[in-house]
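Quick notes on the structure that follows.
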Amino acid sequence: MVSKQDKAYYEQLWADLGVDVPLHDQLIRGLAVLERRLHRKQKNRPEKMDYFNKVLNDLHGHRIAEMVEHKKQGGKVVGSYCVFIPEDMVLAADGIHVGLCAGSSFPVQEAEKVLPRNTCPLIKSSFGYKYIKACPYTEASDLIVGETTCDGKTKMFEILEDYHPTYVIEVPQRKNSRNQDVFTAELLDFKLQLENLTGNKITAENLKNATSKVENKFKALQRLFKLRQADPAPISGLDVLTITQIGFQDDVKRFTQQVNALCDELEERVRDGVGVAPKGAPRILISGSPMSLPNWRLHSMLEKAGAVVVCEESCVGTRLFSYTSEPQSDSLEDQIAAIGQRHMSINCACFTPNQGRIDDVLRMAEEYQVDGVIHYTLQFCHTFNNEGTKMEQALDTAGIPLLRVEADYSDDDSGQLKTRVEAFLELLEDKKTNVE
Ligand code: BJ8
């Protein structure tokens, strides 16, 4: 709970950034209700979740104050919506990188005054937050960096440029050496852009330090996910979503320390056989479009129904942290090329062909001992939706049950979704009973 004094201080900060404070107040009240609904009823949560709960409760407070202080000292804030934007390059230029809000239905209706209604909700939400000036992170960003991953986003960024300083990085759509070079060239341009924005040079040394910080964060998240492979699972999927979400906004070093402290506790839990659901509870892997705060209802439904989500093959999951860069030399160009390679390894549905993502899901289904996979697509996300067909074939061949879900950010279809989720869990139980 934020004190009255802090609230007044934060309101002034938000107003100074240009945030519509009364509108933002409505948003924050909605998020607080959601936080209570999602987390308070969870049982047997790890104690080290305390830090992440506090940050979630104060999501637009303390961290925004840190950003404002950084800006007062002449520093810059760079916002983005995609894991293709290298956080380490921003840090190397002494900037703060922040993953911007894009998961709420709150600004969608307003966004539809400008964007076509038949657009993915993530795109409408991203744009909508800027349009209604309700997100302090967006308003704190000196530059928003977009990417050409899907058509909807690409065209939205052209419109966003009219509202906010925006820079777009081209992401090629085939994984080959020619496109690898194209992406590296894009990152070299991005380096210049960052140097112009911040007035700071990106050198081999400061980039190396920044990469090591960011990749330590990735390694902490890899450690966290590996611990979820245990049965019983030591942490809920909802808590892991909270953690990954905070990782897009929090200070890199502090976040990494907190994730590692949590992992120490989870290691003890695994050793002692302590879980958030009983051993043998249905284990689910969710694969597909990202699930940004507060779009977490699928996890909530599954875990309320007695299942446990043990892995997200998603950009709020494994796609975020699975790759690290290994530059062969200390030259700046080689380091940037290695960062390019790290990002071109991500198996996003924007690539064609994208067999790597299907292979990832098959491998993870085994590693995380999953009983079933949910293929999750945001409405009008054609890349992931189309890829669902090949995923379905591959999982069918491997004998892994799959449920395909397509949803937007509204709660209108929650009843129907809950029925489908429960039927899927029953099917998994029946399958287990028949095998036993
Ligand atoms: S690396 S998944 S964060 S692009 S859901 S806007 S694809 S229509 S979010 Fe993504 Fe980067 Fe890929 Fe990850 Fe378009 Fe689909 Fe919407 Fe999407």
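The values are calculated or read from the model by the stated rules, or taken from the named source; none is laboratory data. Keep in mind that what you see is a predicted model, and the values were worked out from it rather than measured. Note: ideal-geometry Cβ built from the backbone for every residue, glycine included; neighbour counts use all protein chains shown. Only protein heavy atoms, including side chains, enter the accessible area calculation; ligands, DNA and RNA are left aside. Shrake-Rupley method; radii C 1.70, N 1.55, O 1.52, S 1.80 Å.
Looking at F84, F52, can you tell me which residue is buried (at least 19 other Cβ atoms within 10 Å of the Cβ), on the phi < 0 side of the Ramachandran plot and not in a loop (DSSP other than H, G, I, E, B)? Let's see the steps before the verdict.
Working: F84 fails: not in a loop (DSSP other than H, G, I, E, B).
Selected residue: F52, the only one of F84, F52 that is buried (at least 19 other Cβ atoms within 10 Å of the Cβ), on the phi < 0 side of the Ramachandran plot and not in a loop (DSSP other than H, G, I, E, B).
Take the range 69-81 and flag every residue that is in a helix (DSSP H, G or I) and either in contact with a strand residue (DSSP E or B) (Cβ under 6 Å, 6 or more places away or on another chain) or crowded, with 22+ Cβ neighbours inside 10 Å (or both).
If the condition is that a residue be in a helix (DSSP H, G or I) and either in contact with a strand residue (DSSP E or B) (Cβ under 6 Å, 6 or more places away or on another chain) or crowded, with 22+ Cβ neighbours inside 10 Å (or both), then H70 is the only one that fits.
With the requirement that a residue be open to solvent by 60 Å² or more (accessible area, probe 1.4 Å), among the charged types (D, E, K, R) and assigned to a helix (DSSP H, G or I), what does the range 174-218 give you?
Listed by number, the residues that qualify are R178, D181, D189, E205, K208, K213.
Can you give me the ranges of the helices (runs of 4 or more DSSP H) entirely in the range 219-318 with at least 3 residues that are more than 16 Å from the ligand (Cβ to nearest atom) and within 30 Å of H382 (Cβ to Cβ)?
Qualifying helices (runs of 4 or more DSSP H): 237-247, 297-304.
So the check is Cβ under 7 Å with 6+ separation or different chains; which pairs have a first residue in the range 358-387 that's outside any helix (DSSP H, G or I) and a second one that's more than 9 Å from the ligand (Cβ to nearest atom) and of a type in the set (K, R)?
Close Cβ pairs (under 7 Å, with a partner that is more than 9 Å from the ligand (Cβ to nearest atom) and of a type in the set (K, R)) amount to Y368/R228; Y368/R283; Q369/R283; V370/R283; D371/R283; D371/K432; H375/R404.
The rows are residues; the columns are (1) within 18 Å of L56 (Cβ to Cβ); (2) open to solvent by 40 Å² or more (accessible area, probe 1.4 Å); (3) of a type in the set (S, T, N, Q).
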{"site": "K7", "(1), (2), (3)": "yes, yes, no"}
{"site": "E11", "(1), (2), (3)": "no, yes, no"}
{"site": "G18", "(1), (2), (3)": "no, no, no"}
{"site": "V21", "(1), (2), (3)": "no, no, no"}
{"site": "I28", "(1), (2), (3)": "yes, yes, no"}
{"site": "H39", "(1), (2), (3)": "yes, no, no"}
{"site": "N44", "(1), (2), (3)": "no, yes, yes"}
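Considering each of V145, V108, V171 in turn, give the residue that is within 14 Å of the ligand (Cβ to nearest atom) and open to solvent by 10 Å² or more (accessible area, probe 1.4 Å).
V108
So how many residues does the range 404-421 have that are away from the ligand (no atom under 16 Å from the Cβ) and either open to solvent by 20 Å² or more (accessible area, probe 1.4 Å) or hydroxyl-bearing (S, T, Y) (or both)?
9
Residue by residue through the range 92-117, note down the ones that are assigned to a loop (DSSP other than H, G, I, E, B), under 30 Å from N200 (Cβ atoms) and not acidic (D, E).
Of everything in the range 92-117, those that are assigned to a loop (DSSP other than H, G, I, E, B), under 30 Å from N200 (Cβ atoms) and not acidic (D, E) turn out to be A93, G95, L100, C101, A102.
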